[in-house]
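The values are calculated or read from the model by the stated rules, or taken from the named source; none is laboratory data. Quantities reported herein were computed from a predicted structural model and do not represent experimental measurements. Don't worry about glycine lacking a Cβ; one is built from the backbone with ideal geometry, like all the others, and counts go over all protein chains shown. Note: areas computed on protein heavy atoms with side chains; ligands, DNA, RNA excluded. Shrake-Rupley method; radii C 1.70, N 1.55, O 1.52, S 1.80 Å.
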Amino acid sequence: QVQLVESGGGLVQAGGSLRLSCVVSGRAFSRYVMGWFRQAPGKEREFVAAINWSGGTTFYADSVKGRFTISRDNAKNTVYLQMNSLKPEDTADYYCAADGSPTAAKSGSRYLYWGPGTQVTVSS
């Protein structure tokens, strides 16, 4: 059973930073494509960022490119999302996802495992 646990969410002022972490149980983490998704109130879930197994390839939504950075530490079974220059429109529940498709890393439907989410609120 693969379990994901996110942490690092909270309340921050616009322009501030947060770093989200996601710890994944199990021995297969280093083989997983990992992704971050978010869902704002009343909106559909959307892709934020993804990273391949080695960390050598990353993908970003246009809305976060240049502000967010995804990274991973395979020795710690952990993926991170560094969020800088936060905007009120970044307010959402953020979800970590594991075992995505390397050819469809932006597609949430292609991920097998999901965490419960962590809330991020950006005040103006």
What area, in nm² and to one decimal, does the C-alpha convex hull of region 70-124 cast on average over all directions? 4.7
In square angstrom, what is the accessible area per residue of region 1-74 with a 1.4 angstrom probe? 55
Among 50-62, 95-107, how do they line up from the highest to the lowest mean number of other beta-carbon atoms within 10 Å? 95-107, 50-62
List 63, 124, 21, ordered by accessible area with a 1.4 Å probe, largest first: 124, 63, 21
With all protein chains modelled, accessible area of residue 112 [1.4 Å, Å²]: 120
Using the heavy atoms of the protein chains alone and a 1.4 angstrom probe, what is the accessible area of region 78-124 per residue in square angstrom? 45
So if I average 1/r over every pair of distinct C-alpha atoms in the chain and take the inverse, what Kirkwood radius in Å does that give? 14.1
Taking every DSSP beta bridge with both residues inside region 1-99, roughly what % is antiparallel (nearest 5)? 100
About the Cα centre, charge dipole magnitude for the chain (Lys/Arg +1, Asp/Glu -1 at Cβ), debye: 260
Ignoring any ligand, DNA or RNA, what whole percent of the accessible area of region 1-67 comes from carbon and sulfur when the probe is 1.4 angstrom? 46
Dimensionless Rg ratio for region 48-87, taking C-alpha atoms and the 2.2 N^0.38 Å reference: 1.17
Residue by residue through region 6-13, the couplings from Karplus 6.51 cos²θ - 1.76 cosθ + 1.60 with θ = phi - 60°, in Hz, x for Gly and Pro, are 8, 8, x, x, x, 9, 9, 7
